[in-house]
Amino acid sequence: MKLGGLAKEMVVAWRFGISDDLDAFSVALVFPFLLVNIAASPFQTAFIPAYVQTQQREGNGAAQQLFSSSLVWLWGIFAVAIGAMLLSGPLYLPFFASGFPPEKLRLTFQLLCLMSPMVLLVGTSFLLAGVLNTKEQFALTALTPLITTGLTIFLIVLPHRWGVYALATAVTGGAVMELAVLRIALRGQGVSVRPRWHPMSHQLGRIIKNSFSLILSNLLMAGTQLIGIAIAARMATGSVAALSYANKMTLLSAGLIASSFGTATISFFAKMSVHEDWQELKSTLHHFLGIAFLITGPITIFIMLFATPLTRLLFQRGAFGTTEVTVVADLVFYFALHIPFYVANVLTGKIFLALQLPRVLLLGSAINLGIYATIAHFLSARLGLIGIAIAVSTTYLCSFLTLYYFANQKLKQLLAE
């Protein structure tokens, strides 16, 4: 899946380089994806442990009711979120893209409107994929995003060339097709995908409570991304796009490893939590952290050493020339430093999700936002875009150390009881 995403970025680079159009698309895409990450991802994360516990303790019927009610609640959240995003767009876009001329700003808002339905579509897919993962259908959920990747490449290379609108159309169209595939797969597992409200249960109340804590946590983390975009948008043309390319290059490896570990461990951690097997939970966390650092350490060094040839190999063609290679490669070098801590951060955070203690993640996010804002503001004024990349890597290091400390303290407490 990550390799497919890389192939897509290579085609995007060939077609758009680091142009004004791609700047507009990059900014417009941030806000729908932020809503998905702020609302959908936390809800899925809070839902999975509760779903597993309900299924094991009360049976499939109770788990089905919980899932059906959760869909209703999730759609209500997204309806409000999409409306707020579009209505307030003319207010926040000029602030976050203050360096954009009026025509570029109008294009950004048009692309935002075109991609807004993906919030509901992708958010629902998150929940369906979470249930499929509890049934160990990992391959299907991992491969489904290739649908959007394939559609993006197809629309970009069409002879009539829709321009940057091809990217926005692919985002929404791909989300529709991905949801359809997951819905069929989940029905094949005997789970009804029809939303139906049931009386509020204790588990649903806990999911809602925990998801709101996670939403606040992700909202704070989203602040780091918005700060980076706002700073980059005030710089030279293509700065936002260059930042996006470099971030995606490093996330190719970090995201692949983190998603592989994270998807598998959340179910394991949740089951250990149900059985109160705290020693096994602690041992499993340290085991996976050791593997993660062992894998990501050499990858980080390799990317840093070969940042320029890798960038040239992947992107230098068409509209992406030598100048663009230099800009992106410099960013990749510093972005790569965050790879081990990104993966370790995801793994450690799963402990608090399994224990249904999202408030710790909220505290960690608040600390991270303060650290990132301070470093990014200070370094970007002196180092430009590179200052933003350094700020990202430093923030992930601090985040991991914070979560790891609290995880050890909590597990020691549980073992002592």
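Spot the failing condition for PHE302; the list is (1) of a type in the set (Phe, Trp, Tyr); (2) within 23 Å of the chain's Cα centre (by Cα); (3) loosely packed, with under 14 Cβ neighbours inside 10 Å, and only one is missed. Condition not satisfied by PHE302: (2).
Residues in region 121-143 that are modelled with pLDDT of 90 or more and either under 17 Å from PHE67 (Cβ atoms) or not assigned by TED's automatic domain parsing to the domain that holds PHE78 (or both): THR124, SER125, LEU128. The residue that is modelled with the lowest pLDDT, counting only those in region 144-167 that are of a type in the set (A, V, I, L, M, F, W, C) and within 12 Å of VAL12 (Cα to Cα), is VAL157. When you scan region 83-106, do you find a residue that is within 30 Å of VAL131 (Cα to Cα) and of a type in the set (Gly, Ala, Ser), even just one? Yes: one or more hits.
Restricted to helices (runs of 4 or more DSSP H) entirely inside region 299-417, those with at least 1 residues that are in contact (Cβ under 8 Å) with a residue 40 or more places away in the chain and of a type in the set (Asp, Glu) are 322-335. Filtered by the rule that a residue be touching a residue at least 24 places away in the same chain (Cβ under 8 Å), among the basic types (Lys, Arg) and part of a helix (DSSP H, G or I), region 144-198 gives a lone residue, ARG183.
The one condition from (1) touching a Leu at 6+ places or on another chain (Cβ under 8 Å); (2) at pLDDT below 90; (3) not charged (D, E, K, R) that ALA264 does not meet is (1).
The values are calculated or read from the model by the stated rules, or taken from the named source; none is laboratory data. All of these numbers come straight from a predicted model, not from anything done at the bench. Cβ coordinates were reconstructed from backbone atoms using ideal geometry, including for glycine residues, and neighbour counts include every protein chain displayed.
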